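Engineer: The following block contains the structure, expressed as structure tokens.
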Amino acid sequence: MQSIVIVDYGMGNLRSVQKALEKVGHGAVISGDANQIAEADKLILPGVGAFCDAIARLHEAGMVAPLVAHIHAGKPFLGICLGLQLLFTRSYEDGEHAGLDLFKGEVVRFPDRPGLKVPHMGWNHIHIRRRAPVLQDIADNTAFYFVHSYYVAPADPDIIATQTDYPTPFTSMIWRDNIFATQFHPEKSQRAGLQILHKFAALR
């Protein structure tokens, strides 16, 4: 059986991701050990909190090199929420902070508009632009659970898998080759979210 490691860098509800995977029949280990991350067949990078703290903790714990090596080796990778944002060039959350730069683009805040609540929190629909393998059996316009104030603006529109309106379209999922990353929380999104986690865990 292929090993799934949920990356523990002190940011996010890791146990909820692990429990969601267990619910669909897949075991996963929560680990902050760089060697275990390097040896994993599949990696999940969740995250809740500030971008600057997250990128600092990944560097301090020596996790960046094995994480990037995993991706470059073509092994499946799933980023969730902050785990999506960290893949990009830079974030403007509380200043300007360099990300992993695996994708060119920026992490920006929702604009201040009358009637627009920030953070964007609760259920919202995805519009499928490219049907990634993990979106098999997910209908267009399915609702997922979001909680975030910042979103990614990719330089390359071809990596966008889904968009969501709030009120204008933003990128809610990206996909390129072995890399999948969602702004929404599949572990909090009931049946549809569990389906995505199952499809990811079953990838070969």
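The values are calculated or read from the model by the stated rules, or taken from the named source; none is laboratory data. Owing to the predicted nature of the structure, the values given are computational and were not obtained by experimental measurement. Neighbour counts run over all protein chains shown; Cβ positions are idealised from the backbone, glycine included. The protein model used for the area step is the full one, side chains on, heavy atoms only, and it has no ligands, DNA or RNA in it. Shrake-Rupley method; radii C 1.70, N 1.55, O 1.52, S 1.80 Å.
Engineer: Rounded if a/c is under 1.5, else prolate if a/b beats b/c, else oblate: with a ≥ b ≥ c from the C-alpha gyration tensor eigenvalues square-rooted, which is the stretch 13-122?
Structural biologist: Numbers: a/c = 2.21, a/b = 1.39, b/c = 1.59.
Verdict is oblate for the stretch 13-122.
Engineer: Based on the Cα atoms of the stretch 80-132, what semi-axes does the equivalent ellipsoid have, where each is the square root of 5 times one gyration tensor eigenvalue, given in whole Å with the largest first? Before the final figure, lay out each step's value.
Structural biologist: Working: eigenvalues 90, 70, 17 Å².
Working through the eigenvalues yields semi-axes of 21, 19, 9 Å.
Engineer: What are the residues whose amide H is under 5 Å from the amide H of residue 105, where those residues sit 5 or more places off or on another chain and H is modelled from the backbone?
Structural biologist: Here the answer is 89, 90, 155, since their amide H atoms fall under 5 Å of that of residue 105.
Engineer: Give the long-range amide H neighbours of residue 44: residues separated by 5 or more places, or on another chain, with amide H under 5 Å away, using H modelled in the peptide plane at 1.01 Å from N.
Structural biologist: Excluding prolines and chain starts, which carry no amide H, the hits are 5, 6, 7, 78.
Engineer: As a test of the formula, what do you get for the chain when each DSSP H run with n ≥ 4 contributes -39,500 (n - 2.57) and the sum is divided by the residue count, at 222 nm and rounded to the nearest 500 deg cm²/dmol?
Structural biologist: -7000 deg cm²/dmol
Engineer: Please check: in the Gaussian network model of the chain (C-alpha springs, under 10 Å), which one of 124, 178, 35 has the largest mean-square fluctuation.
Structural biologist: Highest fluctuation among the options: 35.
Engineer: Within the chain, what percent of beta bridges assigned by DSSP are antiparallel, to the nearest 5? List each step's numbers first, then the result.
Structural biologist: Values: 24 of 40 bridges.
Bridges in the chain are about 60 percent antiparallel.
Engineer: Then there is this: Roll a 1.4 Å probe over the protein chains and send me the accessible area per residue for the stretch 79-204 in Å².
Structural biologist: Details: 5570 Å² over 126 residues.
Computed with neighbouring chains in place, this is 44 Å² per residue.
Engineer: Longer than 20 Å from Cα to Cα, which of 42/104; 23/188; 19/42; 42/199 are they? Say none if no pair is.
Structural biologist: With Cα atoms farther than 20 Å apart: 42/104.
Engineer: When the accessible area of the chain is split by element with a 1.4 Å probe, what percent falls to carbon and sulfur?
Structural biologist: Exposed carbon and sulfur together represent 49 percent of the surface.
Engineer: Which percent, to the nearest 5, of DSSP beta bridges fully inside the stretch 91-183 are antiparallel? Walk me through the numbers before you get to the answer.
Structural biologist: On the way: 23 of 24 bridges.
Percent antiparallel among DSSP bridges in the stretch 91-183 is about 95.
Engineer: Rounded, prolate or oblate, given the Cα gyration tensor of the stretch 49-204, with a/c below 1.5 counting as rounded?
Structural biologist: Numbers: a/c = 1.66, a/b = 1.04, b/c = 1.60.
Oblate, because a/c is 1.5 or more while a/b does not exceed b/c.
Engineer: Counting only DSSP beta bridges with both residues in the stretch 39-144, what percent are antiparallel, rounded to the nearest 5?
Structural biologist: Roughly 40 percent of the DSSP beta bridges within the stretch 39-144 come out antiparallel.
Engineer: For 75, 117, 188, give the ranking by accessible area with the largest first, probe 1.4 Å.
Structural biologist: 117, 188, 75
Engineer: Indicate the gyration tensor shape class of the stretch 85-175 (rounded, prolate or oblate), computed on the Cα atoms with a ≥ b ≥ c the square roots of the eigenvalues: a/c under 1.5 is rounded; otherwise a/b larger than b/c is prolate and the rest oblate.
Structural biologist: Values: a/c = 2.21, a/b = 1.15, b/c = 1.91.
Oblate.
Engineer: Now, a different point. When only DSSP loop residues count, what chymotrypsin sites (Phe, Trp or Tyr not before Pro) in the stretch 1-98 have their Cβ near at most 14 other Cβ atoms within 10 Å?
Structural biologist: Passing both the DSSP loop test and the Cβ count: 92.
Engineer: Now for a different question. Taking the Cα centre of each part, how many Å lie between the stretch 145-196 and the stretch 65-106?
Structural biologist: The distance from the Cα centre of the stretch 145-196 to that of the stretch 65-106 comes to 14 Å.
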